[in-house]
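The values are calculated or read from the model by the stated rules, or taken from the named source; none is laboratory data. Model, not experiment: these values are computed from the prediction. Reconstructed Cβ throughout: ideal geometry from the backbone, glycine too, with neighbour counts over all protein chains shown.
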Amino acid sequence: MPDLFQEQGDKLCLKYALLSVSYLRLSSETSSPELYMKARKSHGLSLEHLNKALCSRENAMKDEVLATCLLLSMFYQSQAIGTNKFQYGKVPVLIRKKTQWNPDCVLRACSLNTMIAEFCHVMSNLPIHPCEEGNPRQQKLLRSLLKRASYISHEIELWDACIPGHWKKQYQYESADSAAISPPGPWTITFLATTHSAQIAFYNRMLSCYKAVQRQDPDFRMPSYPGDTVEFCESIENRIAHLLKTICYVISLTIGFLDADHIFRPVPTANFANSNALVWPMWAVISCPFASQDQIALCRLVLDYVGRTLGHKLAYSLSRQPPDAYLSEGFN
């Protein structure tokens, strides 16, 4: 993003989108109504200029237009986390227009990430204790959440089906010669990694919720899933394992990898933009109980590298936190 903004920072849709996210973050941290009003104003101006850009097919296919849409989705998601509501505004109308970067995939990801955020938010705020799992009201709520989880799982499958084939090829990391089939596209693989990390958090929560219900009702079966308990748990754990492997592959390609001696080797093309986008996915890997020691070690070393070399304070702090510090209370 910094490189793109340096090149295309004069494009008003991108400029105001970046300002809207920045002001919103600052207003959240300082509880400043004035900064919030600036965020809303910048958001409106960005939408106005984005609408004009999308009137031209040539302009609609430019990188700065995609970047604007992604920043605006961050704006909406930041609001969703704070208010537990997701407000699409005018973005669906604007980005449904056909462009090269597949707006349907981007739009679905925004909606999916919001559903996951809301689900995890509810789960993390439940005052759960083992002795309360037998509470009929609590059990009813847990079963209701599992119905919602079943719907979200279906939405994940629909989103995965709409990912363009040339995006998916970048994740085919195990070819005949164990080499990547095609060179990575920094925009797409970091974008997908962010959504994949949200899915890891979701599947962990869903599995914990399911086990909490199972402890009180061993005959309970997951809604809309034909298999038994063992098959269901194995399928979710396999999904999580695949997502963890995919994210670590992206990290190795864009930032750095561990060599045969487990020494971290940064890649020459590593930059702050991609590193910043992958902080949350690395956090998801470290906090996941199904991650391997090698995967956790990779993410810790990369966070440390991003923090020390690129000056990312949050990454540096996370690299020194024990895994338990990330695990939310309740369903773990």
Hey, any hits in the range 253-276 for a residue that's within 21 Å of Asn204 (Cα to Cα), modelled with pLDDT of 90 or more and not acidic (Asp, Glu)?
no
Listed residues Leu142, Leu158, Leu112; which is within 17 Å of Thr246 (Cβ to Cβ), modelled with pLDDT of 85 or more and either of a type in the set (A, V, I, L, M, F, W, C) or not assigned by TED's automatic domain parsing to the domain that holds Pro223 (or both)?
Leu112
Per the filter on the range 52-72, residues surrounded by 14 or more Cβ atoms within 10 Å (Cβ to Cβ) and farther than 24 Å from Thr190 by Cβ are none
Kindly indicate the residue of the range 208-236 that is of a type in the set (A, V, I, L, M) and farther than 11 Å from Arg143 by Cβ and also surrounded by the most Cβ atoms within 10 Å (Cβ to Cβ) among those meeting that condition.
Ile236
Can you work out which of the residues in the range 217-231 that are of a type in the set (D, E, K, R) and either without any contact (Cβ under 8 Å) to a residue 12 or more places away in the chain or touching a Cys at 6+ places or on another chain (Cβ under 7 Å) (or both) is farthest from Met206 (Cα to Cα)?
Asp219
